[in-house]
Amino acid sequence: MAESPRAAELADNLAAVRAQIAAACAAAGRAPAEVTLVAVTKGHPASDIARLAALGVGDVAENRDAEAAAKARECAELGLRWHFVGQVQTNKARSVVGYADVVQAVDRERLVRALDAAVLADPGRGPSRPLAVLLQVDLDARGDGASRGVAGARGGVAPAEVAALAASVAQARGLMLAGVMGVAPLGLPAGPAFAALARISATLRERHPGARWISAGMSADLGDAVRAGATHVRVGRSLLGPRPLTR
Ligand SMILES: *Cc1c(COP(=O)(O)O)cnc(C)c1O
């Protein structure tokens, strides 16, 4: 049976994104295996997730709970790792920990407590299956909150508050501190912002050596992110095209 046009399109896009990652790795003297591609599937149907899984993508990301929960249910048999990259409202924490393996945008104490409580209360989880969390760091050196609203992400925690937030994640039995996440501020060059994130990550790892992930880079700036040391890039448009369902 011939593959569908959409499957062929996704295969082409995936090959192009992987080539882009490989080229950035080569330029930076890094191995492509150091960089995990996270497919941001928000706005696209579960059938696309299944096609990407068949092409070897293992990590997918969503940013809205209702949409993510439905798709995770539909794709439960695919063995994917689910990342939540949007803001988690604390009243959605229970739902999110029901399907997410990683929450990437943790930026406040109250959310740490809500996610921890939700993991500990979930019969399928508890401390033996902690939720991986990334601290979203505000990379906007202008400090005026201009990055808020970008791609559904808020500004994140201020760099000076990272250590305190990390300490509370480290104390939470239901959570595992996996690293940091950043979104390049609108209107500023991405390279310096991602370099700042890499420095924040290095400082964090002095106290929390296991917090090795650096999630940085989207379709527009993944090369900058890889050169700055990103371990995870979050790619939507370049892989899946324009978002049909929302936004
Ligand atoms: C949507 C989104 C992405 C992907 O952005 P693209 O420009 O489509 O690659 C990455 N990170 C976050 C937090 C997002 O919300």
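Each value in this text was obtained by applying a stated rule to the coordinates, not by laboratory testing. All values derive from a computational prediction rather than experimental measurement. Because the Cβ atoms are built from the backbone with ideal geometry, glycine has one as well, and the counts that use them run over all protein chains shown.
Numbers below:
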{"item": "Label zone at residue 142, where the point sits 7 Å out along the Cα-to-Cβ direction: region 215-247 residues whose backbone N lies under 11 Å", "result": "none"}
{"item": "Cα-based convex hull, region 53-141, per residue volume (Å³, whole number)", "result": "109"}
{"item": "Span from the region 1-46 Cα centroid across to the region 213-247 one, whole angstrom", "result": "10"}
{"item": "Percent RCO, i.e. relative contact order, over region 1-87, from Cα pairs under 8 Å lying at least 6 residues apart", "result": "25"}
{"item": "Hydrodynamic radius by Kirkwood, which averages 1/r over all alpha carbon pairs of region 1-42, in angstrom", "result": "11.7"}
{"item": "The chain - charge dipole about Cα centre, Lys and Arg +1 at Cβ, Asp and Glu -1, debye rounded to 20", "result": "320"}
{"item": "Dmax and Rg, reported as Rg then Dmax, of region 114-234 (C-alpha, Å)", "result": "14.7, 45"}
{"item": "Hypothetical label at residue 47: residues of region 1-32 whose amide nitrogen lies under 17 Å (7 Å Cα-Cβ projection)", "result": "1-11"}
{"item": "Prolate/oblate/rounded label for region 1-156 (Cα gyration tensor, a/c 1.5)", "result": "oblate"}
{"item": "DSSP-defined beta bridges in the chain - what % are antiparallel, rounded to 5", "result": "5"}
{"item": "Inter-label distance, nm, simple model (7 Å from Cα along the C-beta direction), residue 54/residue 15", "result": "1.7"}
{"item": "For residue 218, net neighbour charge (Lys/Arg +1, Asp/Glu -1) across residues whose Cβ lies under 9 Å away", "result": "+1"}
{"item": "Average Cα contact separation per residue, the chain, under 8 Å, 6 or more apart, as relative contact order %", "result": "20"}
{"item": "Nearest-0.05 FRET efficiency for residue 90 and residue 129, computed from C-beta distance (R0 22 Å)", "result": "0.60"}
